[in-house]
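Below you'll find the structure I mean.
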Amino acid sequence: MAEKFVAKISEFQDGDRRIVTVGDKEVGIFRDRGQFYAYSNTCVHQGGPACEGLIIAKVEERIMPDRTSRGMYFSETDTNFVCPWHGYEYDLRTGECIANRKLKLRQYQVVQKGDEVYVVT
Amino acid sequence: MDLVSDRGRRVSVEELNTTQLLANAAKQARQRNYDDFIIVDVDAHHYENEHFSEIAPFMENDVLRQLSLSGAAKTGRQAIMPIQIGFQDMGGRVTRYPLRATEKTPDGTLRDVELGYRWMDAMGVDYSCLFPTGMLNIGLHPQKDMEADLCWGYNRWVTEKVLPETGGRMYSMLCLPFSDAEESLRQVEAFGGRKGVTGFMITSVRDVPVHDNRYMKVYRAIEERGLAIAFHAAFNWYEPIFKGLNRFISVHALGFTVSNMIHMTNWVINGLGERFPKLPVLWVESGLAWVPFLMQRLDHEYMMRSSECPTLKKKPSDYMRDMYYSTQPMEIQDMQALETTFRMINAETQLLYSSDYPHWDFDLPSTIYDLPFLSEKARHNILGGTAARLFKLPPRNEKQKQNLIKYGNLPV
């Protein structure tokens, strides 16, 4: 188990991300609502850089009690990150693929030491 | 660089560099030792619609050229080509769309060629067939003479300005103005012998009957020259049957398959396979799942209604097995279904790898290389051996040459 320095917390803004290389692995580290999350930067689809694309709220659809649709909207609570190759979307808090939650990016532990963030691989 | 996310929020991403974006593809190429394979991408694209100011001067008719040149100068405000509503970039999620203009290329190089080299080298592709993007809608142009002249201008520009700069690594199947059979024939005669031309493309979004007698001389001219014909699929959201579809995913999934299914049905049922037995016919960018469906459907009806297609000497599926298919976008969802599809189309000799890069649903060579049910021969043939034989593309190193010979794609 190796710890790799990611960034100073004071320089790692909420909603931002970092990509670090550890040996032959690339890991994406996200900060969302004060929490840190780290995942493999290799998409489960065709191996794209899963963590390097757009970070965007999950899209939901408003279905009313009478089963009619009132259109799509951005979630206020759920955030995804998107592989830039083909658009595979991942839940930022779990690394699960939104289209099939059985598919999941490998998750890594993130530790904070004082003002510094490390990822454990 | 910033991209716009939900509610106008801005997200920082690296500026676009194709080599960097495809770094993981390059890693796959090294791990799988693609150098030993000749890899031919039979369907890749460039954005010719960004070069109309260069293409228009090659048009023949003074008046149409002047209209096009003036229109090209007003980029974004006046369409020269029929255009579609489309959300290929998924709201910026597929970042190479919004960032494309930011990618830097060296002065003195042809931008489309430079970008082509970058993705080809990253993926391990040796040769690619260059198809246009915006011109895939040329069949919807309401002006027959403008369609013909735009095709003429594009075909001249590609063969005189683009392909000569590619070091032989890019070739093309040129765009036919298929609304006009006489003009299509003239362009086959004019361009069929040019370097880097391996055949001609019919853009599938059009409602002409491909079996109409007026086209027979066009097919014969292509066949006589030892060239191939490709039907390149696309979608048309304005098609009456598609107007009820409310999401891009729906019209894209159906449009690319239905457009080719219509032409395939006419081609087979009217016996064009009997009339042009030496003409290689290639079906491009419809994926593969539609083929077993259509084979079964046509065979089933043929057994009862053979009197309606007296030219046929075998089942429709047998003619479909004589034709060629590009892989992308390959539906790798049910491995058994995919394996059955490969068996039904004789993939070992009839299937050709394609990436469709840089479009949003591109496929890497690993989509073929990693399939668990392929023989070594099938893997080599699909990735490029069959295309190398079909389009007469030479090996780029000794190992590739040995493999082409080993699997029957190059005479000893």
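Evaluated at 37 °C with a viscosity of 0.692 mPa s, what Stokes-Einstein diffusion coefficient in µm²/s does chain B have when Rh comes from the Kirkwood expression over alpha-carbon pairs?
149 µm²/s
Scattering from the C-alpha atoms of the protein assembly as shown alone, worked out with Debye: what is log10 I(q)/I(0) at q = 0.06, 0.07 1/Å?
-0.32, -0.43
A follow-up question, please. Over chain B, with a Gaussian network built from C-alpha contacts below 10 Å, which listed residue (B:LEU272, B:LEU288, B:LEU99) shows the highest mean-square fluctuation?
Among B:LEU272, B:LEU288, B:LEU99, the largest GNM mean-square fluctuation belongs to B:LEU99.
Which value, to two decimals, describes the C-alpha radius of gyration of chain A once divided by 2.2 N^0.38 Å?
Rounded to two decimals, the normalised Rg is 1.16.
Can I ask one more? With runs of 4+ DSSP H residues as the only contributors, calculate the mean residue ellipticity of chain B at 222 nm using -39,500 (n - 2.57) per run, divided by the residue total and rounded to the nearest 500.
-11500 deg cm²/dmol
How far apart, in nm, are the 7 Å Cα→Cβ label points at B:THR19 and A:LYS25?
Inter-label distance under the simple model: 2.8 nm.
Extension gain B:GLU182-B:ARG10, at 0.36 nm per residue separation less the Cα-Cα distance, in nm?
Here the segment from B:GLU182 to B:ARG10 would lengthen by 56.7 nm.
Taking the Cα centre of chain B as the origin, how large is its charge dipole in debye, to the nearest 20, when only Lys and Arg (+1) and Asp and Glu (-1) carry charge on their Cβ atoms?
460 debye
Collect residues whose amide H, placed 1.01 Å from N in the peptide plane, falls under 5 Å from the amide H of A:ALA7; neighbours closer than 5 in sequence don't count.
Placed amide hydrogens put A:VAL117 under 5 Å from A:ALA7.
Can you work out the Karplus-derived ³J(HN,Hα) for every residue in the range B:178-190? Use 6.51 cos²θ - 1.76 cosθ + 1.60 with θ = phi - 60°, whole Hz, and x for glycine or proline.
6, 5, 10, 5, 4, 5, 4, 4, 4, 6, 4, 5, 6
Same structure, new question: Considering amide H positions built from the backbone, and no H for Pro or chain starts, which residues 5 or more places from B:PHE131, or on another chain, come under 5 Å of its amide H?
B:ALA44, B:HIS45, B:HIS46
Sticking with this structure for a sec: From the phi angles alone, apply the Karplus equation (6.51, -1.76, 1.60; θ = phi - 60°) to the range B:88-101 and give each ³J(HN,Hα) in whole Hz, x where the residue is Gly or Pro.
Karplus-based 3J(HN,Hα) across the range B:88-101 equals 4, 7, 6, x, x, 5, 8, 5, 5, 6, x, 9, 3, 5 Hz.
Moving on to the next point. May I ask you to derive the relative contact order of chain A, considering only C-alpha pairs under 8 Å and at least 6 residues apart, and to give it as an integer percent?
Result for chain A is 27 percent.
Short version: ³J(HN,Hα) in whole Hz for each residue of the range B:160-168, in order, from phi by Karplus 6.51 cos²θ - 1.76 cosθ + 1.60 (θ = phi - 60°), x for Gly and Pro, what are they?
With the stated coefficients, the range B:160-168 comes to 9, 10, 8, 4, x, 8, 9, x, x Hz.
Continuing with this model, one more query. Greater than 31 Å separation of Cα atoms is the criterion. Which listed pairs, B:LYS313/B:LYS406; A:LYS104/B:LYS243; B:LYS243/B:LYS313; A:LYS58/B:LYS243; B:LYS314/B:LYS401, meet it?
B:LYS313/B:LYS406; A:LYS104/B:LYS243; B:LYS243/B:LYS313; B:LYS314/B:LYS401
So how much slack lies between B:THR109 and B:ASN266, counting 0.36 nm per residue of separation and subtracting their Cα-Cα distance, in nm?
52.2 nm
Hey, another quick one. Mind giving me the FRET efficiency for B:ALA190 and B:GLU274? R0 is 25 Å, r the Cβ-Cβ distance, nearest 0.05 is fine.
0.30
Give the whole-number value, in cubic angstrom per residue, of the convex hull volume spanned by the C-alpha atoms of the range B:279-393.
Looking at the range B:279-393, the number lands at 116 Å³ per residue.
If the elastic network links every pair of Cα atoms under 10 Å, which of B:SER68, B:SER306, B:SER172 fluctuates the most in the Gaussian network model of chain B?
B:SER306
Excluding B:VAL412 itself, what net charge comes from residues whose Cβ is under 13 Å from its Cβ, given Lys and Arg +1 and Asp and Glu -1?
+2
Further, regarding this structure: Packing-wise, with mean Cβ within 10 Å as the measure, how do B:105-117, B:144-156 rank, highest first?
Sorting B:105-117, B:144-156 by mean packing, highest first, produces B:144-156, B:105-117.
Moving on to the next point. Past 19 Å, Cα to Cα, is the threshold; run B:LYS217/B:LYS278; B:LYS377/B:LYS399; B:LYS278/B:LYS399 against it and keep the listed order.
B:LYS278/B:LYS399
No lab work stands behind these numbers, since they all come straight from the coordinates. All values derive from a computational prediction rather than experimental measurement. Heads up, the Cβs are rebuilt from the backbone with ideal geometry, glycines too, and the neighbour counts pull from every protein chain shown.
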